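Trainee: I have a structure I would like to understand better, so I am pasting it below and will then ask my questions one at a time.
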Amino acid sequence: MAIDKMMLDSLTSGYKFYIDDLKNRNITGEYYDTVEALYNRILELGDECSDMNQMYAKMQNENIMVKLSDAYTKALTEEGTKKYGSSGNVYDDNYLMKNNVEALRNSIKAMRDSFDDVMKKASPSEKMRLMVDNNPETLIKSVEEMIALSEQPGMTYANFLRLQIEQGLDTVMQGVTTRSVLEKILYSHKALMSPDYDVRMWEEKVQEYEKAASRNRFNVVDLHEWALISDRIELKYIPERTRRTRIFDLFMNILGKIDEWCIAYCSYTPYEIFPWSGMPLPDALRSLKRIQKTAPGLVKELEKMLQHYFGLRFIDIVDNPDFRHHVLTNFVDESQELIEFLLMEVYPQCKPFCDLPSEIIHKREQMHRGKREGNPGRNEPYRRMKRYYNEVYGEGYMEQYMKEQNMSKMDSVDTDSQAAPWNYDAFLQNVKK
């Protein structure tokens, strides 16, 4: 996701000065083209990067600030030579050194000014997030180290450029930023209880980054090398993710059809269940009648696909790792009582040209009236997300964010399910007995 336009405009305004000044002086040519290309590269990084610190780090890694100042200085010098001759106007190393350091000082000012400007315009929750994700002080510290290097006694421009590379000052933030992003993403997947394959993939990325960084003198991995390593790791997990997602989707599609077939017979459905409750009654009844007659055939066709492509039966859903994960993380909408009812009582009746027996319809209607269809823990993913963001951005962040989005009621909304909480071990025993 690209950096917010307001934040990007605030940052780039400090660098746009170079182009604007050359345009005002009617200066064109090779060095102007370089200045323009470097400025456009800054804009590209704004689209590529997800936060300002990552963008600053890439700018430093590509030495954009120094190159921009250097090209700008050469453009002015060349123009001065054309107008006034070479006397007293030819740049030297001292002049370039001065402009380089001045560019670094300007970059610090630009970073602080842009961050302060964004903070002034930000809402309370945005400020809490910006202080964690976009505070430029860590990067500023590395730039200040480069300035301190330039101020050492006897420092020449050639030595200044050489020592930046030898001491790794031009790449330090690249390593800090990449590591922090990887570790943050891994932690978020664990905290939000993502599927195991996502957690394993990001664990492997962190491990591979550390392994590759250990081979580098400055404990940093080149961005291009890391892109190749990261792509290789992601490609490795695509087959597993795709296969498991397709299997889980098929399981849930079949389960959904069975559930829909069941409620199509219930007396409350045309009046209480969307979308039928929003239809004229004759249309709703025709739709439900069609489901009664067609759903069993659709279930059988989906079961054939499940068997043909994956060698699985529908009842294998109880041992499916992704179904288990959805239950244990409370991402499943249905209660344990309803799922057991659908698997053990409704599914055996769901056959083409058959209708659901009246005693089973009665059981479902009783379950509905008793409010036992929904998972009582369905709000836990929201609470988990709330705990995670409050931990990352500060206590009260999520409450403030929800207030700004006019969604404060989410904190007080709870499920009205009267069903018992899920117990997966008991579920397995009940279904397999």
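Read the figures in this text as sums done on the coordinates, not as results from a lab. Just so it is clear, the structure is predicted and the values come from calculations on it, not from any experiment. Neighbour counts run over all protein chains shown; Cβ positions are idealised from the backbone, glycine included.
Trainee: Cut-off 18 Å, label point 7 angstrom out along Cα-to-Cβ of Asp283: give me the residues of the range 247-274 whose amide nitrogen falls inside.
Mentor: 269-274
Trainee: Then there is this: For the range 328-433, report the translational diffusion coefficient in µm²/s to the nearest whole number, using Stokes-Einstein at 37 °C, 0.692 mPa s, and a Kirkwood Rh over Cα pairs.
Mentor: Answer, rounded: 202 µm²/s.
Trainee: Between Asn379 and Glu399, what is the spin-label point distance in nm, taking each point 7 Å from the Cα along the Cα→C-beta axis?
Mentor: With each label placed 7 Å out from Cα toward Cβ, I get 1.5 nm.
Trainee: Relative to the Cα centre, what is the charge dipole magnitude of the range 171-221, using +1 at the beta carbon of each Lys and Arg, -1 at the beta carbon of each Asp and Glu, and rounding to the nearest 20 debye?
Mentor: Taking the Cα centre of the range 171-221 as origin, the dipole is about 240 debye.
Trainee: Follow-up. What are the ³J(HN,Hα) values, in whole Hz, obtained from phi via the Karplus relation 6.51 cos²θ - 1.76 cosθ + 1.60 with θ = phi - 60°, for each residue of the range 385-397 in sequence order, with x given for Gly and Pro?
Mentor: Taking θ as phi minus 60°, the curve returns 4, 4, 4, 5, 5, 5, 5, 6, 9, x, 4, x, 4 Hz for the range 385-397.
Trainee: Work out the charge dipole of the chain with +1 on the Cβ of Lys and Arg and -1 on the Cβ of Asp and Glu about the Cα centre, then indicate which of Asn159, Thr415, Pro195 is farthest towards its positive end.
Mentor: Value computed over the given set: Thr415.
Trainee: Taking a ≥ b ≥ c as the square roots of the eigenvalues of the Cα gyration tensor of the chain, is the shape rounded (a/c under 1.5), prolate (a/b larger than b/c) or oblate?
Mentor: Because a/c hits 1.5 or more and a/b exceeds b/c, the chain counts as prolate.
Trainee: Between Tyr237 and Asp416, what's the calculated FRET efficiency when r is the beta-carbon distance and R0 is 30 Å? Round to 0.05.
Mentor: Efficiency for this residue pair is about 0.15.
Trainee: Let me ask something else about it. Using +1 at the Cβ of each Lys and Arg and -1 at the Cβ of each Asp and Glu in the chain, identify which of Met305, Ala148, Ile247 lies farthest towards the dipole's positive end.
Mentor: Met305
Trainee: Now for a separate question. Sort the following peptides by mean Cβ neighbour count (other Cβ atoms within 10 Å, averaged over residues), highest first: 16-26, 339-349.
Mentor: For the peptides 16-26, 339-349, the packing ranking is 339-349, 16-26.
Trainee: Next question, about the same structure. Relative contact order, percent, of the chain when contacts are C-alpha pairs under 8 Å separated by at least 6 residues?
Mentor: So the answer I get is 13 percent.
Trainee: Place a +1 charge on the Cβ of each Lys and Arg in the range 333-428 and a -1 charge on the Cβ of each Asp and Glu, then give the dipole magnitude about the Cα centre in debye, rounded to the nearest 20.
Mentor: I would put it at about 120 debye.
Trainee: Can you pick out the pairs among Lys98/Lys184; Lys121/Lys205; Lys205/Lys257; Lys98/Lys211; Lys304/Lys432; Lys74/Lys127 whose Cα atoms lie more than 32 Å from each other?
Mentor: In this structure, Lys98/Lys184; Lys121/Lys205; Lys205/Lys257; Lys98/Lys211; Lys74/Lys127 exceed 32 Å between Cα atoms.
Trainee: Calculate the all-directions average of the projected area of the range 171-221's alpha-carbon convex hull, and give it in nm².
Mentor: Average projection, Cα convex hull of the range 171-221: 3.1 nm².
Trainee: For the peptides 216-226, 104-114, what is the packing order when you average, over each peptide's residues, the other Cβ atoms within 10 Å and list the highest mean first?
Mentor: By packing density, highest mean first, the sequence is 104-114, 216-226.
Trainee: In whole Hz, what ³J(HN,Hα) sequence does the range 339-348 give by Karplus (6.51, -1.76, 1.60; θ = phi - 60°), x for Gly and Pro?
Mentor: Computed from phi, the couplings for the range 339-348 are 4, 4, 4, 5, 6, 8, 10, 7, 4, x Hz.
Trainee: Using a Cα-Cα cut-off of under 12 Å, which aspartates and glutamates could be cross-linked to Lys371, ignoring same-chain neighbours fewer than 8 residues away?
Mentor: Cross-link targets: Glu334, Glu337, Asp416.
Trainee: Right, next: Which far-off residues, 5 or more places away or on another chain, put their amide H under 5 Å from the one on Glu334, with H placed in the peptide plane?
Mentor: Asn375
Trainee: Ok, one more. Assuming R0 = 35 Å, what is the FRET efficiency of Ser214 and Glu137, from their Cβ-Cβ distance, to the nearest 0.05?
Mentor: The calculated FRET efficiency here is 0.80.
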